[in-house]
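This report refers to the structure that appears directly beneath it.
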Amino acid sequence: MLSKLALRNVKRSMKDYSVYMITVTIAFSLMYAFNMVVFSDDIQGLNQTLSSLSIVIVMISLIVIFVIAWLVHYMNRFMLEKRSRELGTYMLLGITNKKIARMFMIENVIMGAAAALAGFLAGSMIYQVLTLIIMNLFEVAYTVHASFSLPAVLLTLLYVFIIYAFSMLRTGRKLKKIKICDLLYAEKRNENAVLSSKKSHWILFVVSFLLLGTGCGLLYTIFHNIALFSGEILFLGLALLIGGLYGSYITLAGFLVKIFLGKNEKKFQKDNMFIYRNLSAKLRTMSFTIGTLAMLLTLTLACTQNAMLFNKFFELQSLNRCAFDIQVTAPDPTLLAPAAEHFRNTGAIKEERMVTIYDCRQSSVYDRFGIPNYIERDYAISFSDYAALRQMLGYEPVKLQDGHYIIHGSSQYKDTAKRMEELPLSLNGVTLSLQAAFDEPLSQSGVIGVGYILVLPDEQAEELSTVQTSFVMTSTRQTGEEDFTYLCSTYEQDDDSDTVSYVGWNVKSRVIDDSRASIIIFAFGLYYTGLIFICTAAAILAVQQLSEASKYRFRYNILSKLGVTDGKIGKIILKQLLLYFGIPLLLPVPLSLFISGCIKNILLEIITPSIFWSSMATGLGLFFIIYLLYFAATYIGYRRSILG
């Protein structure tokens, strides 16, 4: 009897709460797909750095479990409230609380099992897409084929069990204690606002914005002054932002009532009164939930924006670290001979250059830039070496005018140099004027300068003392792990050795692979988190509105009887949903941009303003595509429920 009743209720719930079921299925499919990535030997064998991916995915999965468990529990509580009269009727017919709790548990098990099964099927396809992306990124051939991972299945099932066990235990405990009168009159019970007095609204409003301002101030300080950075201040700043978000949305309903429904003649124009009254009533009773959604949306936006930001950072950093196929650097040029001889003998060299790095014995240019750097000196190369390097890398050739010098550095140094009217350089009694600044990748992480390098006329450069010499080359073949292994075996020394000078080396393909692995770890983790968060927040907004459609259908029937056309009612519904979906974004959008701006400040000078804003635009675009899909589904369902 109970099983048949539970099965009937499941069919009805899946129809009424299809958006919720789709969201849970998406969550389980992503869990399974990323767990398969963690246990994939093919992916883990691509690069040593990818071994950290499993740790990152597991840690993020713990956060995802908490968020999805909250979603499931929220929806169970929501469905329990909407079905209160039905459950009360069961009690009147003599069905005990214990049996009703068991029936509700059976319903959850069936719905969870259906979502998990669909999630495994969809997750297998998502895994193939993720694998194709990773393999293409590493330029490895891959053929799509059926894959199965028992450890990934068992781990995902464990996650599903934890998610539903948490909700069912709490809901079952509540059902066993609930009374018939509480169920029968639940729908008629008036919902209370979180705050009732005007004074408490103003106090919480001021406190909330003080919390937001203080939190933003702390984050800005530690991200713009790394010396002050600490985990305690970071978590304190984030906690203040979260508290400020909750407080702001709790007070929001009161201010909307004051603005739109107070002494304002516009409230009587057109359909304003109907829309604002519905909206303000909902915000009053859902302020805490909307605060939670605002927090999730802030994290979602920050994740999607910074995923793009880190992609660009690691991509550009790899070129700045190693622009040449092979590069070896040492204070003593004789130490470079074995490497040069080895690659000549193997026929791997297409073009090569021994580049001498000179010490200007001063820091006048560094001081004028005012940009922090761990090397507080000016270093230089001769123009002949510089011209050869540009030719090797395929850059446009340049000429150096008499009495001038060139600066080659990151975009930050180039932009700073352009803003300066004059930047004279005095060396050995000769004053040179700045001719131009360039910012193409040139291995400026200790090989050809650090951050920037000065390009001097040959006669001026040769009068300076030598700091180090760099052997750089382009290859006739694809460099790989064997080249890196050779350099390691040739130049690695014991930590106790004090007879051999320091030698630095790198292989471009190795640096690019490490960069690709870092991109995968950061991007996959952030996109995984962001997608789960946005689906959770948007699903709650959608289900809330769709369930209210049947409850408030009589209000729209009154409008129809008053002569309002179906087309006009459709526009009213659109306005109402736009406000309802838009208000939770009022604070998250600017807050996420602020957080991304803080993070950008620690990504060295590689991330230019144009790169930053393009990453922000892409992140916002991806977010709004998903958000609008949920909005469109809500609008279609709401309109169909009202107008038929």
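Out of LEU591, LEU559, LEU628, LEU579, which single residue is part of a helix (DSSP H, G or I), farther than 30 Å from SER445 by Cβ and without any contact (Cβ under 8 Å) to a residue 40 or more places away in the chain?
LEU628
Can you tell me which condition ASP439 does not meet? The list is (1) out of contact with any Lys or Arg (no Cβ under 9 Å at 6 or more places or on another chain); (2) closer than 16 Å to TYR386 by Cα; (3) of a type in the set (Asp, Glu), and all the others hold.
ASP439 satisfies every listed condition except (1).
Quick one: ALA323 ticks every box in (1) in a helix (DSSP H, G or I); (2) touching a helix residue (DSSP H, G or I) at 6+ places or on another chain (Cβ under 7 Å); (3) modelled with pLDDT of 75 or more except a single one, so which number is it?
(1)
In the stretch 382-406, which residue that is among the polar types (S, T, N, Q) and not in a strand (DSSP E or B) is nearest to VAL472 (Cα to Cα)?
Checked the stretch 382-406; the qualifying residue nearest to VAL472 (Cα to Cα) is GLN391.
Restricting to the stretch 85-140, count the residues that are charged (D, E, K, R) and outside any helix (DSSP H, G or I).
1
How many residues are among the basic types (Lys, Arg) and surrounded by 15 or more Cβ atoms within 10 Å (Cβ to Cβ) if we restrict to the stretch 388-419?
2
Restricting to the stretch 134-157, what's the tally of residues that are surrounded by fewer than 13 Cβ atoms within 10 Å (Cβ to Cβ) and either at pLDDT 80 or above or not assigned by TED's automatic domain parsing to the domain that holds TYR32 (or both)?
So the count comes out to 4.
Name the pairs whose Cβ atoms lie under 7 Å apart, with the first residue in the stretch 518-542 and without any contact (Cβ under 8 Å) to a residue 24 or more places away in the chain, the second part of a helix (DSSP H, G or I), and 6 or more positions between them or separate chains?
Between residues of the stretch 518-542 that are without any contact (Cβ under 8 Å) to a residue 24 or more places away in the chain and residues that are part of a helix (DSSP H, G or I), there is no close pair.
The values are calculated or read from the model by the stated rules, or taken from the named source; none is laboratory data. Predicted model, so just to flag it, every value in this text is computed and none were measured. Every residue, glycine as well, gets a Cβ built from its backbone with ideal geometry; the counts of neighbours run over all protein chains shown.
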